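Okay, structure first, notes after.
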Amino acid sequence: MIALEQVTIGIGARPLVREIDAEIRAGEFVAVLGPNGVGKTTLLRAMCGIRPVISGHIALDGTPLRNLSPTARARAIAFVTSDDSMIETLRVRDVVAIGRFPHHPWWEWNANAQDDAAIEHALRAVHFEAEAERLFSTLSSGERQRVWIAMGLAQATPVLLLDEPTSHLDVRVAHEILALLRNLAREGRTIVCVLHDLNDAAAYADRLMLLGCERMLACDVADRVLAPELIERAYGIAVTRVETPQGPRVFAAVRA
Amino acid sequence: MKVWRLPAILALTLLACAASLLAGGSAIAPAVIMRALMHPHASGDVATIVWQLRMPRVAISAVVGGALAIGGALLQGMLRNPLVDPYLTGVSAGAAAAIALAVIAGVAAPLLPALGFVAGLGTAVLVAALARRGSGVDSNRLILAGISISALFSAVVTFALVRSISIDAAQAILAWLGGSMAGRGWGDLVFATPYLLAGIALAALAASPLDALRVGDVRARTVGVDVDRAQWLILASTSLLAAASVALAGMVGFVGLIVPHVARRIVGSSARLLLPACALCGAALCTFADAIARSIAAPSELPIGVLLAFIGVPAFLYLYLHQERVG
């Protein structure tokens, strides 16, 4: 379980979101929503312990994150981000293998059978096992996205945080990835995922955490979060809510 | 795994060392050299040439080439920038400036390597201090600080050259700038060894984090790398290796920049293979270049830095452009 207690996050000393109180249970799929620049990525980075909070506490199963060593943290929480920053000529398998880093002491050189199994499993999960030997630099942005997700999966952690995992993906692959995350949650993994599509979030996540106006405006089931007044408050745009057999969906009111 | 390629590179390195033992002002038959190698305590001209002149040269050029190539691979990996070399730490410019001023002030020649080492390392500390942000190193600041401080000290060297009163002093300074192992012996190697070993030990500690850094600082942090610690390790290792190299051979350019690229093509980018491959390739290249530098215009010597640029740059460009065309 991840517990956020009076957490204020920001860039340097400048707060972005203040005083978040939330609990994310094991096996839960929570989608983080909010307008650009509201602090979704910063919140995820704080939740995986690579960015300090301005105030408050984040705890994983009762242990404050800051008390965990980098390795212990990396065995518990994986973070999938899509920003590209590499020059090396790495193959897809090499990239995914880096997810196994926390499972090795620094002097251990070779991958063991467990690593190979985790890498295979991760590549299969994103339907990319046939491309394992391809050079990463030759992949499209959508394909790269799948490799980053596979790297997070290979880390084999109980908690998986993902920053916009469906960006750059076509609609079919995006839904495959969201269905995969849904299944992982069903198997007991905790998934916290930044999404931009409110209806995707409603369709796949157990709860929606909506950020806006420097606050956490809601962290609840889709039925309560997809309230037009709440969405308008967060995004500054009017929406129409439509009830469907799959649950509520919202659409931006288009001015002709 | 391309680990089987390491013994092949090792064989090539040993071949370069053998070629370098044969090269020199006086022609000595290979069999005679072999005999002298078998009897290290024998007396006579050949034994002296082999054990007191050529062997230290071979050892020093191998060590300098290896150290600079490891430093280059570490820094390129850390900054994910293929255009940096270990001299970005400011080591060579700082050492050159101190040596230029010392030569003008009339400091005795045997003191220069140690002075160069201390000044080089001191400059690296200054550059690192300027590049520091929070508890880690800011890549852009490091590049900016390295280039700026190096430019400043290069100006000091130019000033010293302009103001040098004798041709001898100017030539002594130029010998440092062009890179040379002339007159170096076992004593210099003994002086540099502890620092080289410390640099290599730190590089070994940094190898595993360096592999994770290939996918970016943020991802490296998320898989449990203490990125700040890794950056300081890499900077300390590179600075020690570069400073020891500068103390031994002056400014030997090109090796730290190019050899990591060549080694990466041979064994891939995993630091655990790349660093040993760089050590061997750098050693082979420098030893071979030193052999040519000593023999091409014997009895005088060419600066090894100049020679490396003459041979290495066109070869490297050909390799790169050819591979791109093939690819």
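General observations
- Average other protein chain Cβ within 10 Å of Cβ, residues A:92-101: 4
- With Cα atoms as the point set, the range B:5-326 shows a radius of gyration and Dmax of 19.7, 63 Å.
- Per-peptide packing, taken as the mean over residues of other Cβ atoms within 10 Å, places A:46-58, B:62-74 in the sequence B:62-74, A:46-58 from highest down.
- Adding -39500 (n - 2.57) for every DSSP H run of four residues or longer, then dividing by how many residues chain B holds, sets the calculated 222 nm ellipticity at -25500 deg cm²/dmol.
- DSSP assigns beta bridges within the protein assembly as shown; of those with both partners inside it, close to 60 percent run antiparallel.
- Span per principal axis, largest first, for the Cα atoms of the protein assembly as shown (Å): 99, 49, 49
- Cα centroid separation, the range A:1-17 to the range B:93-125 (Å): 50
- Enclosing the Cα atoms of the range A:2-252 in their convex hull gives a volume equal to 133 cubic angstrom per residue.
- Loop sites here are trypsin sites (Lys or Arg not before Pro) outside DSSP states H, G, I, E and B with no more than 15 other Cβ atoms within 10 Å. The longest part of chain A free of them is A:135-254.
- Distances between placed amide hydrogens fall under 5 Å for residue A:247 paired with no residue 5 or more residues away or on another chain.
- Residue A:56 long-range amide H proximity, modeled H, under 5 Å: A:8
- Number of partner chain Cβ atoms within 10 Å, mean per residue of B:209-216: 6
- 10 Å Cβ neighbours from other chains, averaged over peptide A:43-52: 2
No value in this document is a laboratory result; all are computed from the given coordinates. Everything quoted here is computed from the prediction, not taken from an experiment. Every residue, glycine among them, receives a Cβ derived from its backbone with ideal geometry; neighbour counts consider all protein chains shown.
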